[in-house]
């Protein structure tokens, strides 16, 4: 029962299998906690790391993403009742992005489900879910196990990511389509005295760009990192931290728990829960597949129409509208909502934000006013800045879907 | 001392008596506090019973004392400092342990060591406790409404309560209602699978309470210990620098600064009543002191059964007072140590010893400890809440020496085998010391002095009936508008000019100060000094 003997009061945060490599390359010593691990916030420069994602290829350690193995004769029935999407459409080799809710139709979390084989799935989540999954598994013959530490994960994202993997000897990777996964091999490298390394690769990611996620055994993590850094040495490949990734994910219009919504499992105040319909994820909710947790409440909400909606904003000026309150008019008399995530987009050259607004201001083209505070050498100024509701994603290059991807 | 000088007399200088006195003095009343003992503080005292050592003789940690009171009465200016402690632990009979850390990631890993599921369930548990606290907190510094009254104020307060309850949302309303009546064990079973996790958390459900973890109502007692906070951290507990007497010393200083007077060694024999009105008190010495307002900080039993002549009180009221549940179930050891005891179960350097340490590792063990109490003997394997504040507080002992506070549950007020005697008290103390020594090989050798207190001693020295630390059980039948007596929950006695301000009144025990503050409010309203 009691396996861990290290004194975690001295080191509360774990190290991922990539940690030693990351630490060696971290120039700023800028680490942040993520799901019980210490991970890199910035290696050298947020801007340079960001452009690795949009210009070349980036390596991002996503080992802390929480992973569960879901297996057994009732695995599909269990998942289909739990998730809002139709899991019956998920066949071996496929990945689905989905959300799950409580009985009130409030969002618990979002994540990806990998179908590994009939009756065998992997669920990757932003936050820990064993407690929720276990309660949801009553009556199903299903095995639930957290495998976060057993699987190292590395995101390889950017327009040259396919080329990079091919150069590292991952044969056939160019045929992998979006939301597919498969077993591959990092070819042996006699020069580096390295045997072939088995890896699972999925064409998934959090950047909205061409990209892959590599899943491997922890003991192979450093070999995979070294191989990719070596072949990428002359091709502008960089390891990136969470700050750079956050810019890319806002451009891609992806939501983040604790930033754009709080899981209904964690809310203390009533009314701070969010439904998938409010978050613009209605496309993930399949009312025709039969019963699932939260269906009745979501049907009712759909009939009534959500009271507020998460939208994309194009904000005038260049100052990101972090945490800004939004108003319907410049006078600031009536509140329209608030910004949940904001960034200047170096690729779009636009000032972007995700915001939760009243349904009445949510139509594309609607105008709201953002209350932005400017710090001019410690002199604070308040600006009402015009913002327009625009389509999400803000940035969606066709290369993200191209199969085979461009070979550079 | 002349007789017409005082606007109000407070009987008993416990923390609630002093809080009430402070607010009355600040409102401009001439207040006199009368204390039976030679020192103030009631059950929040720091005394030196062994050369160079200061003990927190009764209450020993602080969390519930309302921030509004600390600020409002300027207690920090009068010397009060509360320092949160770092962790805690339960040492197991197997030599293993469960540590409690304030760092969330370390805590998670520690819980996952015992059960990965429980590590996650703990977050849900904390969330639900915080949700319940959010419901209860606004009710603490309010006079509970009388649901049978049609006075505008009662109706207004009932509406507040109803609206407040309604704001919880349907699902949480059900949860809150269930919570008030559940047993702690049933409640913890809904979250956790690991025995050790449940055993550690259950401690707060039985402290000061003549209930076991499987008794209905014990879940609320746990919450009662969760609703305090330190600097915004809800549920956090800490040490008062200099021991718990620092709380009442600061209150006494605040009172004096506001013009109030305290007389120690002035035991009150009777509250004087003339024409259905309290008119003052008479001391044991025979001295009479009059005042138009008399406030009793004594528990409701002692107040009405021993301090007011029965002919002045309604018969049924007295009968209800007699039935008020105020059972003694706790003992206390205060130990002077020649050095820091070793606890082999705890890794070197762990902050776990700088918080509350327990040695009951299953719910079953705690329940068995309660069984002993029911049979009229002290627990053979007791629950102890053991702290060594001198690891943090440098003011209580000489350098290198330590003070250990050991709260013991359960210890009966009345032994089945006969009256408490010095020999039986010593045997009780030995049982506790032996239980601790099983987890600390050098503990016994370090003991320089031990103060052993049975419920009988607590009653004799502090004045709490049966030695009940809460001035009455914190069960749902004795909470809110039923505390202490239905119809008399608004701090007013059935006599004009007489009030209650002790922990027998809403919202109950713990060094919270809320009963004292609410009582002062009621008095000032009656005097027309509040709108």
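The values are calculated or read from the model by the stated rules, or taken from the named source; none is laboratory data. Model, not experiment: these values are computed from the prediction. All Cβ positions, glycine included, derive from the backbone under ideal geometry; neighbour counts span all protein chains shown.
General remarks:
- Screening region B:290-326 for residues that are in contact with a strand residue (DSSP E or B) (Cβ under 7 Å, 6 or more places away or on another chain) and assigned to a helix (DSSP H, G or I) and picking the one that is nearest to residue B:467 (Cα to Cα) gives B:300.
- None of B:99, B:112 is surrounded by 17 or more Cβ atoms within 10 Å (Cβ to Cβ), closer than 18 Å to residue B:385 by Cβ, facing chain A (nearest Cβ under 10 Å) and touching a helix residue (DSSP H, G or I) at 6+ places or on another chain (Cβ under 8 Å) except B:99.
- Test: residue in region A:216-235 that is assigned to a loop (DSSP other than H, G, I, E, B), surrounded by 23 or more Cβ atoms within 10 Å (Cβ to Cβ) and at pLDDT 95 or above: no
- Filtering region A:166-193 to residues that are crowded, with 17+ Cβ neighbours inside 10 Å and assigned to a strand (DSSP E or B) leaves A:181, A:184, A:186, A:189.
- Leading residue by the ranking (nearest to residue A:37 (Cα to Cα)) among those in region A:102-116 that are within 14 Å of chain B (Cβ to nearest Cβ) and touching a strand residue (DSSP E or B) at 6+ places or on another chain (Cβ under 8 Å): A:109
- In region A:7-27, residue modelled with the lowest pLDDT [restricted to those that are facing chain B (nearest Cβ under 9 Å), more than 20 Å from residue A:216 (Cα to Cα) and in contact with a helix residue (DSSP H, G or I) (Cβ under 9 Å, 6 or more places away or on another chain)]: A:8
- Cross-chain or 6+ apart pairs with Cβ under 6 Å, region A:254-270 first and without any contact (Cβ under 8 Å) to a residue 60 or more places away in the chain and at the interface with chain B (Cβ under 10 Å from one of its Cβ atoms), then outside any loop (DSSP other than H, G, I, E, B) and surrounded by fewer than 18 Cβ atoms within 10 Å (Cβ to Cβ): A:268/B:130
- No other residue among B:474, B:495, B:448, B:480 is more than 24 Å from residue B:273 (Cβ to Cβ), touching a residue at least 40 places away in the same chain (Cβ under 8 Å) and over 26 Å from the mean Cα position of the chain (by Cα) apart from B:448.
- Strands (runs of 3 or more DSSP E) contained entirely in region B:7-77, each with at least 2 residues that are in contact with a helix residue (DSSP H, G or I) (Cβ under 6 Å, 6 or more places away or on another chain) and farther than 25 Å from residue B:207 by Cα: B:8-11, B:31-34
- Filtered by the rule that a residue be within 14 Å of the chain's Cα centre (by Cα), farther than 17 Å from residue B:426 by Cβ and assigned to a helix (DSSP H, G or I), region B:451-464 gives a lone residue, B:462.
- Odd one out for residue A:12 among (1) assigned to a loop (DSSP other than H, G, I, E, B); (2) crowded, with 21+ Cβ neighbours inside 10 Å: (2)
- Test result for residue B:352, buried (at least 24 other Cβ atoms within 10 Å of the Cβ) and away from every other protein chain (no Cβ under 14 Å): no
- Filter result (over 12 Å from the mean Cα position of the chain (by Cα) and within 19 Å of residue A:51 (Cβ to Cβ)) within region A:248-265: A:251
- Taken together, the residues in region A:102-116 that are touching a residue at least 60 places away in the same chain (Cβ under 8 Å) and either in contact with a helix residue (DSSP H, G or I) (Cβ under 7 Å, 6 or more places away or on another chain) or in a loop (DSSP other than H, G, I, E, B) (or both) amount to 6.
- Considering B:257, B:210, B:253, the condition of being surrounded by 23 or more Cβ atoms within 10 Å (Cβ to Cβ) and modelled with pLDDT of 95 or more is satisfied by B:210 alone.
- Close Cβ contacts (under 6 Å, 6 or more residues apart or on different chains) running from residues in region A:12-32 that are without any contact (Cβ under 8 Å) to a residue 24 or more places away in the chain to residues that are surrounded by fewer than 14 Cβ atoms within 10 Å (Cβ to Cβ) are absent.
- Residue within region B:174-183 that is surrounded by fewer than 24 Cβ atoms within 10 Å (Cβ to Cβ), within 14 Å of chain A (Cβ to nearest Cβ) and in contact (Cβ under 8 Å) with a residue 24 or more places away in the chain present: yes
- In this entry, residue B:130 passes the filter for residues that are within 14 Å of chain A (Cβ to nearest Cβ) and part of a helix (DSSP H, G or I).
- Unmet requirement for residue B:89, which otherwise passes all of (1) more than 9 Å from every other protein chain (Cβ to nearest Cβ); (2) surrounded by fewer than 22 Cβ atoms within 10 Å (Cβ to Cβ); (3) touching a helix residue (DSSP H, G or I) at 6+ places or on another chain (Cβ under 9 Å): (2)
- Among the conditions (1) within 26 Å of residue B:397 (Cα to Cα); (2) crowded, with 22+ Cβ neighbours inside 10 Å, the only one that residue B:485 does not satisfy is (1).
- Answer from B:374, B:444 - the residue that is more than 27 Å from residue B:54 (Cβ to Cβ) and either surrounded by fewer than 19 Cβ atoms within 10 Å (Cβ to Cβ) or modelled with pLDDT under 95 (or both): B:374
- Checklist (1) closer than 25 Å to residue A:174 by Cα; (2) surrounded by 20 or more Cβ atoms within 10 Å (Cβ to Cβ) applied to residue A:244, failing item: (1)
- Hey, residue B:373 away from chain A (no Cβ under 14 Å) and in contact with a helix residue (DSSP H, G or I) (Cβ under 6 Å, 6 or more places away or on another chain) or not: no
- Selection within region A:117-145 - part of a strand (DSSP E or B), crowded, with 19+ Cβ neighbours inside 10 Å and away from chain B (no Cβ under 13 Å): A:121, A:122, A:123, A:124
- Condition check for residue A:37: within 14 Å of another protein chain (Cβ to nearest Cβ), buried (at least 20 other Cβ atoms within 10 Å of the Cβ) and in contact with a strand residue (DSSP E or B) (Cβ under 8 Å, 6 or more places away or on another chain): yes
- Exclusive hit being within 10 Å of chain A (Cβ to nearest Cβ), crowded, with 22+ Cβ neighbours inside 10 Å and without any contact (Cβ under 8 Å) to a residue 40 or more places away in the chain, set B:106, B:121: B:106
- Output for region B:140-167, where each listed residue is surrounded by fewer than 16 Cβ atoms within 10 Å (Cβ to Cβ) and outside any loop (DSSP other than H, G, I, E, B): B:152, B:153, B:155, B:156, B:159, B:160, B:162, B:163, B:164, B:165, B:166
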